[in-house]
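Quick notes on the structure that follows.
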Amino acid sequence: MKTVINKNFILMSILASLFSCNQSNYNKVKKHISKSNYGINNLDKSKIIDLIRPTIGIKTKSQNDNEITIGMSKIGGNPDLPKDFMWPKYENEFLTFCAQYNLAELSNFDTENSLPNKGMIYVFVYIDKDYPGFLNKESSYKIVYIENIDDIQRIDFPKDYFIEGKFKSAKIDYFEYFTLPDSHNYKIKKYINKYEQFDYLYESVTELIDNTTNQEMDNFHQLLGEDRSVQSSVLFDFATKELKIKTLEDYKSKQTEIEEISRKYKILLQLDCNDRNSDLSKFGGSMVIYFGIEPEHLNNGKFENVVMAFQGT
């Protein structure tokens, strides 16, 4: 973003939108874009509005594991699983349990019906003890979906589990949220190139969304929607991983291919290791863990076909 943005002007614009009338959060954002005056024509304003994606926001609260009802969404603690669950492994070592998401709890916010309306999604990631930290290699992570969770129970960790990788528990609550594509995404770049003041609109819209939904600036947890990447769009990272790119020279020479492949991915979920209510930072530092998925696999509930990436500051 090259333009220096007048924060006071943006703030006044946001406040005007917030107090304009009693309307849905989406309509507030839509009206803000429609009424904006950044030299953007009405047809493009309509196209930008169409880029807004319903997103499932996540807020956490530090809570003892025994105070969180079995089957509720949470980060850390002991997982709630079927008694005969086969714990995933990497090179014959157990992956670490990170989080579970009860889909019945969030279904009201899944307005595009992208996820099943029941069951549980679990996140497991391997911890490299030599590093130490989360490892991002083939088979070093797994998303598990279990549809029938009627008989799940809070289970103990397997024998020989890396117990230092047990994280303190944090309860999850969901809320209505919205996202625009990352500013490096091809869907947005064309407007940046076309309009000198597009940066003003983009930042005012993202700030308005955060204000109307009470999103915290440093909270990068979410399900679905567009990626909120710490660096450049994480969709490029998914493409880089698929192409097995390992050198900077290779990365530079395959920019066109990377961008093309990135278009087939979307965000399944983001897990923020820097969340003060959990201690994922023990092995994730300030990183956000991103899980991407192709729409076909998402539509068919094939959550095992995810790709993982890390981004941090």
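The numbers here are math on the coordinates, done by the rules we state, and not lab data. Because the structure is predicted, anything quoted here is derived from the model rather than measured. Here Cβ is always computed from backbone atoms with ideal geometry, including for glycine, and neighbour counts include all displayed protein chains.
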Which trypsin sites (Lys or Arg not before Pro) in segment 46-143 pass both tests, a DSSP loop state and at most 16 other beta-carbon atoms within 10 Å?
LYS83, LYS118, LYS129, LYS137
Students often get this wrong: which residues of segment 261-288 have the backbone nitrogen under 20 Å from the point 7 angstrom along Cα-to-C-beta of ILE163?
279-280, 282-283
Defining a contact as two alpha carbons under 8 Å apart and six or more residues distant in sequence, what relative contact order in percent does segment 193-313 show?
24
Applying the gyration tensor rule to the Cα atoms of segment 118-200 (axes a ≥ b ≥ c; rounded if a/c under 1.5, else prolate if a/b exceeds b/c, else oblate), the class is prolate
For ASP275, ASP182, order by how many other beta-carbon atoms lie within 10 Å, fewest first
ASP182, ASP275
Calculated P(r) of segment 227-287 - Cα pairs past 16 Å, %:
54
With a 19 Å threshold on alpha-carbon distance, the violating pairs from LYS137/LYS244; LYS47/LYS189; LYS28/LYS74 are LYS28/LYS74
For the chain, state the average projected area of the convex hull of the C-alpha atoms over all orientations, rounded to one decimal in nm².
17.3
Of the DSSP H helices in the chain, those whose Cα atoms cover at least 30 Å axially and whose Kyte score averages -0.5 or more:
none
Could you give the length gained on full extension between SER62 and LYS83, defined as 0.36 nm per residue of separation minus the Cα-Cα distance, in nm?
4.9 nm
List the trypsin sites (Lys or Arg not before Pro) within segment 202-248 that fall in a DSSP loop (any state other than H, G, I, E or B) and whose Cβ has at most 15 other Cβ atoms within 10 Å.
LYS244, LYS246
Restricting segment 106-166 to GluC sites (Glu not before Pro) in coil, as DSSP defines it, with at most 16 other Cβ within 10 Å
GLU112, GLU138, GLU147
